[in-house]
Amino acid sequence: PLSTLLMLVSALWDRNKLLNAYELAKENGYKFYSLGDSMFIF
């Protein structure tokens, strides 16, 4: 994904974990950006 939000988060979190979380969120209908669901980092 070419999202600046995901690029920002990937500077702080492992890229592979981020992409796995992104794919899982897409599969479960989560939304991104300001009007979407939140993103939590564990």
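Residues are listed down the side, and each one gets a yes or a no for (1) among the aromatic types (Phe, Trp, Tyr); (2) modelled with pLDDT of 70 or more; (3) loosely packed, with under 10 Cβ neighbours inside 10 Å:
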site: Ala21; (1), (2), (3): no, yes, no
site: Ala25; (1), (2), (3): no, yes, no
site: Tyr30; (1), (2), (3): yes, yes, no
site: Leu35; (1), (2), (3): no, no, yes
site: Ser38; (1), (2), (3): no, no, yes
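Of all residue pairs spaced 6 or more apart or on separate chains, none has beta-carbon atoms under 6 Å together with a first member in segment 1-22 that is free of Cβ contacts under 8 Å to residues at least 12 places away in the same chain and a second member that is surrounded by 12 or more Cβ atoms within 10 Å (Cβ to Cβ) and of a type in the set (Val, Ile, Thr). Residues in segment 1-12 that are surrounded by 12 or more Cβ atoms within 10 Å (Cβ to Cβ) and modelled with pLDDT of 85 or more: none.
The values are calculated or read from the model by the stated rules, or taken from the named source; none is laboratory data. Only a predicted model underlies this, so the values are computations on that prediction, with no experimental measurement involved. Neighbour counts are summed over all protein chains in view; Cβ atoms, including those assigned to glycine, are modelled from backbone coordinates with ideal geometry.
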